[in-house]
1. Quick one: in region 150-193, of everything that is touching a Leu at 6+ places or on another chain (Cβ under 8 Å) and aromatic (Phe, Trp, Tyr), which residue is farthest from ILE76 (Cα to Cα)?
2. Can you list residue pairs whose Cβ atoms sit under 7 Å apart, with the first residue in region 199-223 being in contact (Cβ under 8 Å) with a residue 12 or more places away in the chain and the second being within 8 Å of the ligand (Cβ to nearest atom) and assigned to a helix (DSSP H, G or I)? Count only pairs 6 or more apart in sequence or on different chains.
3. Is there any pair with a first residue in region 22-37 that is in contact (Cβ under 8 Å) with a residue 40 or more places away in the chain and of a type in the set (Asp, Glu) and a second that is assigned to a helix (DSSP H, G or I) and near the ligand (Cβ under 8 Å from one of its atoms) whose Cβ atoms are under 9 Å apart and which are 6 or more apart or on different chains, and what are they?
4. Out of all the residues in region 230-267, which are within 16 Å of the ligand (Cβ to nearest atom), under 20 Å from MET175 (Cβ atoms) and not in a loop (DSSP other than H, G, I, E, B)?
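The values are calculated or read from the model by the stated rules, or taken from the named source; none is laboratory data. Model, not experiment: these values are computed from the prediction. Note that each Cβ is placed from the backbone with ideal geometry, even for glycine, and that neighbours are counted across all protein chains shown.
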Amino acid sequence: MIGRICGTGSYVPDHFLDNNDLSQMVETSDEWIRERTGVVRRHIVQEDTVVSMAVKASRRALEGSGIAPEDLDLIIVSTFTSEVLLPSTACEVQKELGAGNATCFDLNAACTGFLFAWNTAQAYLAQGMYRNALIIGAERLSRYVDWKDRSTCILFGDGAGAAVLKAEKGSTLPMFTHSDGAKGEALTCFTRPDTYIQMEGQAVFRFAVKKVPEAVEELLKKADMTMEDIDYLVLHQANRRIVEAVAKRLKTDISRFPMNLQEYGNTSSASIPILLDEMNREGKLKRGQKIILAGFGAGLSWGASLVEW
Ligand code: COA
């Protein structure tokens, strides 16, 4: 069995801070941020919570999916930014959706989290343990950003993305994740004394531009495919220069790497499903197309999964 996407949804708060707003808060400029990151705006929670964003994205994903909330038997939420530690975000989403038959849990693999959720759901569906899964990436990074630190506050935003997967006959497509805890210090968010994201920017940059192309090549090898067989590479949306460097290393035209980071910044585990949903709603995705999802982030962690639309 294989889990096929039958619905996508996303939600970002209306309120945003653009680069000029940030230049009033820290010593930076629109030009510096655009040039080094590609980010122009990031949407920031005012009234919403991680749960409310996850629920709004999920409702949109369920609409038209042919799956009712009570048909869901698995809900996985990837997040590390929930306002409450217990109950889990997934259980709160279950309650709001009325998905009483689902088993629910959260996972934290930082910005690679949606890939971990995808792979976990696929493994359950492949085993025949569940039939209909809802997987969500939902993050409120603005809560854990030090708004006085110009090297990090320019990067991140809030939002949620979701996908509904339905088990169909078929063989699982290649997917994997990797972790390197020994390098975890490069990107941290300790709970005390200051709960802020801290990062060695250049180390994370180098890690991403090395590991993502390696992951894509590993995936292609496993799938016995070449880049010519791939329609799109949906990368975690952290930095335009990272996406461009990955495209260059893979000798692949940048047009096959859709991007929306200019509008949302880095929304961690929400970035891949938000982008997938936008592509879906814009009619870019056609049945049978092959898409590589690739992510990287704290842990350190990274991975890639092949999706057939
Ligand atoms: N505005 C203006 N200047 C800034 C700045 C800002 N927002 N942030 C940092 N600077 C300054 C630094 O203080 C430094 O000044 P100095 O030379 O006087 O010391 C200078 O710019 C260069 O800093 P550096 O950190 O070398 O810049 P960079 O080119 O590496 O860009 C990042 C910084 C964070 C944009 C870049 O390293 C990056 O994107 N890394 C990956 C981060 C990421 O994606 N993390 C999440 C992964 S999931």
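1. If we take residues in region 150-193 being touching a Leu at 6+ places or on another chain (Cβ under 8 Å) and aromatic (Phe, Trp, Tyr), then PHE156 is farthest from ILE76 (Cα to Cα).
2. MET199/THR152; GLY201/SER151; PHE205/ILE242; ALA208/ILE242; VAL209/ILE242
3. Once the first residue is in contact (Cβ under 8 Å) with a residue 40 or more places away in the chain and of a type in the set (Asp, Glu) and sits in region 22-37, its partners that are assigned to a helix (DSSP H, G or I) and near the ligand (Cβ under 8 Å from one of its atoms) give GLU27/ARG150.
4. Correct list: VAL234, LEU235, VAL246.
Residues checked against (1) at pLDDT 95 or above; (2) of a type in the set (S, T, N, Q); (3) in a loop (DSSP other than H, G, I, E, B):
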| residue | (1), (2), (3) |
| --- | --- |
| ARG60 | yes, no, no |
| VAL84 | no, no, yes |
| ALA90 | yes, no, no |
| GLY100 | yes, no, yes |
| CYS104 | yes, no, no |
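Let's see how each residue does on (1) more than 16 Å from the ligand (Cβ to nearest atom); (2) within 17 Å of the chain's Cα centre (by Cα):
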| position | (1), (2) |
| --- | --- |
| GLU31 | no, no |
| VAL39 | no, yes |
| VAL50 | yes, yes |
| ALA57 | yes, yes |
| ARG60 | yes, yes |
| ILE67 | yes, no |
| GLU70 | yes, no |
| ILE75 | yes, yes |
| VAL84 | yes, no |
